[in-house]
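Quick notes on the structure that follows.
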Amino acid sequence: MERIIQTSVEKATELLLQGEVVAIPTETVYGLAASISFPKAIDYIFELKGRPRTNPLIVHVANIKQAEELCKSFPEPLKKLAHQFWPGSLTLVLPKTKHVSNQITAGKNTVGIRVPNHPKLLQLLKKTGPIAAPSANPFERISPTSAQHVADYFPKGLKMVLDSGICQAGIESTIVGFENNQVIIYRLGAISIEAIENVVGKVALFDSNQSNVVTPGMSKKHYAPKTKTIVAENVKDFVNKNVASKIGLIVFKQSAQLEVAKEVILSPSGDLQEAAQRIYQTLHELDKLGLDYIVIEPLPNEGLGRSVNDRLSRAVHS
Ligand code: TXA
Ligand code: MG
């Protein structure tokens, strides 16, 4: 059988233009992509992921101009953010035009759009036009940050995973919209709140505990490893109370000096960006070790640390 992990951008482009689903690299995480012109392929993305059809997909484009064709209006603060961060790990939620189907937006009148910061993908997008792509993981599993993660998740059903090594940001894009005349962050991600506030001033933060707004990606439980995963303020306490268990420990910059089956230090130099880049990769690795628990020390709650803590709070088993 032909190996599905391949490196040809031309081949991926060709398959997408034929209406196939292809896994693609982005600078955040790998995505499961289809051209927005092929409803059957879009449908197949939902099927492959096991994703409820009520959860909209985001659309990736090559530049702002392409984005403008997909939205009815572009509120000034969001445009400022686009100019500042595109290409980059920022998804903007904008009122959609008819070029974007209800199938993609799950019936919403808005569409999430981003211009990814990934040379190979931009090269591809220039030829394919807009492509819809959620993260390339089955529903409720952690996002993939390497081509191999994707191939492991979907051993069948995919013609190609376009390999471009390990994702440089390592966590999903930050999702931002504009509601009631205010910039609102729907999902914390690879661009920090501080960086966004530097451009547009104080922003609102979507509260997932509020039950009146339904954005499935905001649901509290998401992105779970198979191993029972815990974020512990006091890892020492947890380890000491569970001495008989096989524990994989993930810490930020310093060893916890505890007797555990495995310890991973995310960034010995204390760099939050490096920690963000490595967190999913590490979870994928530890998930394969047959551990009883993965125990994670929360990162400092600022910058990308806050984004990672937010992502992790959705990965823990409660
Ligand atoms: O970094 C990323 O954003 C990756 C890469 C592949 O680009 N994509 C990604 O897609 O994380 P996905 O589908 O796994 O997460 C997108 C989230 C979903 O939780 C979805 O509910 C939300 O974005 N979303 C999509 N369209 C939306 C909209 N119009 N309004 C509000 N939320 C939306
Ligand atoms: Mg996802």
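Thr110 falls short on exactly one of the conditions (1) at pLDDT below 95; (2) more than 16 Å from ligand 2 (Cβ to nearest atom), and that condition is (1).
Applying the set (1) within 10 Å of ligand 1 (Cβ to nearest atom); (2) open to solvent by less than 10 Å² (accessible area, probe 1.4 Å); (3) farther than 23 Å from Glu140 by Cβ to Ile24 leaves exactly one unmet item: (3).
Quick check on this structure: which one of Gly112, Gly177 is outside the structural domain of Lys79 (by TED's automatic domain parsing) and part of a strand (DSSP E or B)? Before the answer, list the steps.
Values: Gly112 fails: outside the structural domain of Lys79 (by TED's automatic domain parsing).
One residue alone meets the criteria, Gly177.
Filtered by the rule that a residue be open to solvent by 50 Å² or more (accessible area, probe 1.4 Å) and within 17 Å of Phe46 (Cα to Cα), region 142-169 gives Pro155, Lys156, Lys159.
For (1) modelled with pLDDT of 95 or more; (2) in contact with a Leu (Cβ under 9 Å, 6 or more places away or on another chain); (3) farther than 18 Å from Leu299 by Cα, each residue gets a yes or a no:
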{"position": "Phe154", "(1), (2), (3)": "yes, yes, yes"}
{"position": "Ile193", "(1), (2), (3)": "yes, yes, no"}
{"position": "Val199", "(1), (2), (3)": "yes, yes, yes"}
{"position": "Asn212", "(1), (2), (3)": "no, no, yes"}
{"position": "Lys221", "(1), (2), (3)": "no, no, yes"}
{"position": "Thr229", "(1), (2), (3)": "no, yes, no"}
{"position": "Glu233", "(1), (2), (3)": "no, no, no"}
{"position": "Ala256", "(1), (2), (3)": "yes, yes, no"}
{"position": "Val260", "(1), (2), (3)": "yes, yes, yes"}
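Among the residues of region 141-174, those identified as away from ligand 1 (no atom under 11 Å from the Cβ) and assigned to a strand (DSSP E or B) are Val161, Leu162. Taking the conditions (1) at pLDDT 95 or above; (2) crowded, with 19+ Cβ neighbours inside 10 Å in turn, Ser245 satisfies each one other than (2). Taking region 72-91 as the range and being touching a helix residue (DSSP H, G or I) at 6+ places or on another chain (Cβ under 7 Å) and more than 17 Å from Leu122 (Cβ to Cβ) as the test, the residues that pass are Phe74, Pro77, Lys80, Leu81, Gln84.
For every residue, the table says whether it meets (1) in contact with a helix residue (DSSP H, G or I) (Cβ under 7 Å, 6 or more places away or on another chain); (2) without any contact (Cβ under 8 Å) to a residue 60 or more places away in the chain; (3) away from ligand 2 (no atom under 16 Å from the Cβ).
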| site | (1), (2), (3) |
| --- | --- |
| Leu32 | yes, no, no |
| Leu48 | no, no, no |
| His60 | yes, no, no |
| Ile64 | yes, yes, yes |
| Leu70 | no, no, yes |
| Ile104 | yes, no, no |
| Arg114 | no, yes, no |
| Ile131 | yes, no, no |
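The values are calculated or read from the model by the stated rules, or taken from the named source; none is laboratory data. Bear in mind the structure is a predicted one, so any value in this text is a computation, not a measurement. Heads up, the Cβs are rebuilt from the backbone with ideal geometry, glycines too, and the neighbour counts pull from every protein chain shown. Side chains are part of the model used for accessible areas, which takes the heavy atoms of the whole protein and leaves out ligands, DNA and RNA. Shrake-Rupley method; radii C 1.70, N 1.55, O 1.52, S 1.80 Å.
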